[in-house]
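Participant: Below you'll find the structure I mean.
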Amino acid sequence: MHLLDYQRYGRQMILDGFGLPGQVKLKQSSIVVVGAGGLGCPALQYLAAAGVGIIGIVDDDLVELSNLQRQILHSESSIGIHKAESAASSLGRINSSIQVNVITSRLTPQNALEILGGYDIILDCTDNAPTRYLLSDIAVILKKPLVSGAAQKYEGQLAIYNLGPDGPCYRCLFPKPPAPENAGTCEETGILGVVTGIIGNLQALETIKLVTGLHSADRKPSMTLFSALGSPPFRYIKLRSRKADCFACGRKDFSLDMIAETDYVQVCGGPRPNWIERGLV
Amino acid sequence: MHLLDYQRYGRQMILDGFGLPGQVKLKQSSIVVVGAGGLGCPALQYLAAAGVGIIGIVDDDLVELSNLQRQILHSESSIGIHKAESAASSLGRINSSIQVNVITSRLTPQNALEILGGYDIILDCTDNAPTRYLLSDIAVILKKPLVSGAAQKYEGQLAIYNLGPDGPCYRCLFPKPPAPENAGTCEETGILGVVTGIIGNLQALETIKLVTGLHSADRKPSMTLFSALGSPPFRYIKLRSRKADCFACGRKDFSLDMIAETDYVQVCGGPRPNWIERGLV
Amino acid sequence: MSTDTVSLRIEFSGGLELLFANQRSHRISIPAIVPKDDGDVETKSADITYLIHYLRHNLLKERPELFIEDKTVRPGILVLVNDTDWELEGEGDYVLKDGDEIVFISTLHGG
Amino acid sequence: MSTDTVSLRIEFSGGLELLFANQRSHRISIPAIVPKDDGDVETKSADITYLIHYLRHNLLKERPELFIEDKTVRPGILVLVNDTDWELEGEGDYVLKDGDEIVFISTLHGG
Ligand SMILES: [Zn+2]
Ligand SMILES: [Zn+2]
């Protein structure tokens, strides 16, 4: 560690249970964040600020004006450029001493293993069901934990899938994707920006806890539910363990070839909703 | 509203209970954030992204390297400049259509009424007990809600003080400051950066709910406790109502002159801890 | 506490509330003993399988295909019995008790 | 449940745990009937005022002035009875019941 690192990270290094070992673990860790949108932006900024050594950012989208309401690493001047590029340059301003890898390809069953293979932990910050299934299957194959966040309207959900020998994968809970016409993933639904902020922050926290060993090993599988208007807003549910008969994590020989291609393909028809018209109504 | 605003804010404007009226209320609101540090940075970015019309940033500190571990609006290139300036320029990148007021004076009993008087809601994102008492007393005098966050080590606290006719002020709960030698506010304690992120985000959320009318009016006074390592991490406690005999909000004629000056003065002896030495130990 | 009905708190979230008159929280009472199958003379204690059937016919306002598929909840819906994944409680065979809270959440995909 | 002792869950947070062997959660049993004042012959049911006294003499490891002042908790400490501000429950006069959870939190000042 450089002398400047002690100054930069001193406030967390003096924490009980963190210390120099925690900081070294962060520095030696490599984390990939899939999706540099509402969830990815806040997760990325706290992972970078905390000193994660290598951060991968995977997103093939371009920044649009409608993103700026919540995707706080992007700026007006980055409209039109790749989100992964824009996010990386914001991280560079916060912490130039870490390595940031920019991946602007769309994640597919063909390239996902190669793109994600080198990282210790995968963050699911995506916005559609097919990519969520693909990430879960990849995490199973790579035997890596998947810190999964999701947000919609006033609500959010958080879970760590495929954690340890007993943690369920996404398919243990949801064996197959909903029919595309029922998924509601194509049509853009409303979202209160700060809800993605809260879930993205919690994803960063859980990731930091996993890396530094602060995540208690005897924690049972659980999911956090958040409702911005709820009372109480946070709620915790106890999840099933890994299922022996899970189509993905229940097989030793599991590979992506076994999955119907439709699981990974988003079928979207028609144009995006016209926000201007809707707003004016 | 401009056409571009519909595009920028469309994703929140289509939310139930938000809509065009919610967006207009945000645009017409003025919010002041005291402290552009660990709590202020995340709160500010989501308030700006959501379209709060006027944002005041009060902070007399300069950006230091040790801040960057969590104060995510500041960058390596802003080390040495005022935090309020640095934060304002980051907000300008996210949303140039809002007005940001920069106040780099230290908040004192002499200038606080004038500095904070023009805003609808005050966010307490400060890092010391005396300023917390000053802000509470000012909020009582101005009859404005105080969205108060605090964070230390792995823990955070969140409460809205002085809300409505019945909500307690900070002095209703804590009539007088702890003795300076017991407050632990001078010595810089450890802090996990993302804990300030989570509390700052929740402050932004509560503020947005207050402005847009999403905050349920019949909610009883409460405090949210957060522990990053706790299980469950969030916990809600029911607070007393406003106290008739409160030294501040219990008096019609309350003014800052009635408060002992020592309530507002931080007595700190000695130099800051030497993080480098500590880290190297 | 009556022996012939079971009182339940039902909650919908993750967008499912839209199918139920946009109301997240419901209190209902259902019979404690119900037919094994629609129109059957054999009976059983009311379980979650029956509850799903009951909700579909009594509380659901629109688009049943977004709630039900093959006599159970459609893929992507998680059922909770007092904050525990129903898979740990016997899934559809879980026999409902007075005062139980049953939550139906739709998994969210957005970010 | 015994009639002569009261079992309690005690929790410290916001830094107070440092005074109590850096342990946040404690389970203790205290007498149900205690002297009104130290060494007094008159008795009362164990209340929070007694609990504070008990904790100071039995659980506290260091720097009592950071926990106690004038026979109550020092300014800046909030006491919770089963997640409710003790002010709503009678403060020090609240009579402890078997199974109560009493939390002592120090208000945080950092940001
Ligand atoms: Zn599985
Ligand atoms: Zn008061």
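The values are calculated or read from the model by the stated rules, or taken from the named source; none is laboratory data. Just so you know, these numbers come straight off a predicted model, no measurement behind them. Note that we place each Cβ from the backbone using ideal geometry, even for glycine, and neighbour counts take in every protein chain shown. Note: areas computed on protein heavy atoms with side chains; ligands, DNA, RNA excluded. Shrake-Rupley method; radii C 1.70, N 1.55, O 1.52, S 1.80 Å.
Participant: Within region C:65-81, track down each residue that is touching a residue at least 12 places away in the same chain (Cβ under 8 Å) and not polar (S, T, N, Q).
Facilitator: Of everything in region C:65-81, those that are touching a residue at least 12 places away in the same chain (Cβ under 8 Å) and not polar (S, T, N, Q) turn out to be C:Leu66, C:Phe67, C:Ile68, C:Lys71, C:Val73, C:Gly76, C:Ile77, C:Leu78, C:Val79, C:Leu80, C:Val81.
Participant: Check every one of the helices (runs of 4 or more DSSP H) wholly within region B:131-226 and list those with 3 or more residues that are open to solvent by 20 Å² or more (accessible area, probe 1.4 Å) and more than 16 Å from ligand 1 (Cβ to nearest atom).
Facilitator: The qualifying helices (runs of 4 or more DSSP H) are B:180-183.
Participant: For region B:227-239, what are the residues that are more than 10 Å from chain D (Cβ to nearest Cβ) and either touching a Lys or Arg at 6+ places or on another chain (Cβ under 7 Å) or assigned to a loop (DSSP other than H, G, I, E, B) (or both)?
Facilitator: Hits for region B:227-239 are B:Ala228, B:Ser231, B:Pro232, B:Pro233.
Participant: Hey, among B:Leu39, B:Leu4, B:Leu47, which residue is open to solvent by 10 Å² or more (accessible area, probe 1.4 Å) and closer than 29 Å to B:His74 by Cα?
Facilitator: Result: B:Leu4 is the single residue among B:Leu39, B:Leu4, B:Leu47 that is open to solvent by 10 Å² or more (accessible area, probe 1.4 Å) and closer than 29 Å to B:His74 by Cα.
Participant: For region D:1-21, enumerate the residues that are among the small types (Gly, Ala, Ser) and either in a strand (DSSP E or B) or farther than 23 Å from D:Glu65 by Cα (or both).
Facilitator: Scanning region D:1-21 gives D:Ser2, D:Ser7, D:Ser13.
Participant: Let me ask something else about it. Before we move on, is C:Asp4 open to solvent by 50 Å² or more (accessible area, probe 1.4 Å), in contact with a helix residue (DSSP H, G or I) (Cβ under 9 Å, 6 or more places away or on another chain), more than 14 Å from chain A (Cβ to nearest Cβ) and in contact (Cβ under 8 Å) with a residue 12 or more places away in the chain?
Facilitator: Spelling it out, it is not the case that C:Asp4 is open to solvent by 50 Å² or more (accessible area, probe 1.4 Å), in contact with a helix residue (DSSP H, G or I) (Cβ under 9 Å, 6 or more places away or on another chain), more than 14 Å from chain A (Cβ to nearest Cβ) and in contact (Cβ under 8 Å) with a residue 12 or more places away in the chain.
Participant: Go through region A:211-220 and give me each residue that's at pLDDT 95 or above and either of a type in the set (S, T, N, Q) or in contact with a Ser or Thr (Cβ under 9 Å, 6 or more places away or on another chain) (or both).
Facilitator: A:Val211, A:Thr212 - these are the residues of region A:211-220 that are at pLDDT 95 or above and either of a type in the set (S, T, N, Q) or in contact with a Ser or Thr (Cβ under 9 Å, 6 or more places away or on another chain) (or both).
Participant: Within region B:40-58, can one find any residue that is closer than 30 Å to A:Gln7 by Cα and assigned to a loop (DSSP other than H, G, I, E, B)?
Facilitator: no
Participant: Related question: Identify the residue in region B:63-73 that is part of a loop (DSSP other than H, G, I, E, B) and in contact with a His (Cβ under 8 Å, 6 or more places away or on another chain) and, among all such residues, is nearest to the other protein chains (Cβ to nearest Cβ).
Facilitator: Residue satisfying both the conditions and the ranking: B:Leu68.
Participant: B:Ser30: of a type in the set (Ser, Thr, Tyr) and under 29 Å from A:Lys153 (Cβ atoms), yes or no?
Facilitator: Taking the combined requirement at face value, the residue satisfies it.
Participant: Residue by residue through region B:19-39, note down the ones that are within 7 Å of another protein chain (Cβ to nearest Cβ) and in a helix (DSSP H, G or I).
Facilitator: Within region B:19-39, just B:Leu20 meets the criteria.
Participant: Another question, then. Among the listed residues A:Asp60, A:Asp16, identify the single one that is within 14 Å of chain B (Cβ to nearest Cβ), open to solvent by 20 Å² or more (accessible area, probe 1.4 Å) and out of contact with any Asp or Glu (no Cβ under 9 Å at 6 or more places or on another chain).
Facilitator: Within the list A:Asp60, A:Asp16, the selection yields A:Asp16.
Participant: Looking only at region C:82-111, which residues are within 10 Å of chain A (Cβ to nearest Cβ), without any contact (Cβ under 8 Å) to a residue 60 or more places away in the chain and either within 30 Å of A:Glu188 (Cα to Cα) or of a type in the set (A, V, I, L, M, F, W, C) (or both)?
Facilitator: Answer for region C:82-111, where residues must be within 10 Å of chain A (Cβ to nearest Cβ), without any contact (Cβ under 8 Å) to a residue 60 or more places away in the chain and either within 30 Å of A:Glu188 (Cα to Cα) or of a type in the set (A, V, I, L, M, F, W, C) (or both): C:Asp83, C:Asp85, C:Trp86, C:Leu88, C:His109, C:Gly110, C:Gly111.
Participant: Just to be sure before I move on: is C:Gly99 modelled with pLDDT under 95 and at positive phi in the structure I sent?
Facilitator: no
Participant: How about region B:74-103: which of its residues are outside any helix (DSSP H, G or I) and surrounded by 16 or more Cβ atoms within 10 Å (Cβ to Cβ)?
Facilitator: B:His74, B:Ser75, B:His82, B:Asn95, B:Ile98, B:Val100, B:Asn101, B:Val102, B:Ile103
Participant: Does A:Leu113 fit the bill of being surrounded by fewer than 23 Cβ atoms within 10 Å (Cβ to Cβ) and either within 16 Å of ligand 2 (Cβ to nearest atom) or not acidic (Asp, Glu) (or both)?
Facilitator: yes
Participant: While we're here: Scan region B:240-266 for residues that are open to solvent by less than 90 Å² (accessible area, probe 1.4 Å), without any contact (Cβ under 8 Å) to a residue 60 or more places away in the chain and not in a loop (DSSP other than H, G, I, E, B) and jot them down.
Facilitator: Passing the criteria: only B:Met258.
Participant: Right, here's the next one. Only one of A:Gly200, A:Gly167, A:Gly118, A:Gly156 is touching a helix residue (DSSP H, G or I) at 6+ places or on another chain (Cβ under 9 Å), modelled with pLDDT of 95 or more and more than 8 Å from chain C (Cβ to nearest Cβ); which?
Facilitator: Checking each option against the conditions leaves just A:Gly200.
Participant: Oh, and also: Look at region D:54-76 and say how many of its residues are crowded, with 20+ Cβ neighbours inside 10 Å and under 11 Å from the mean Cα position of the chain (by Cα).
Facilitator: 3
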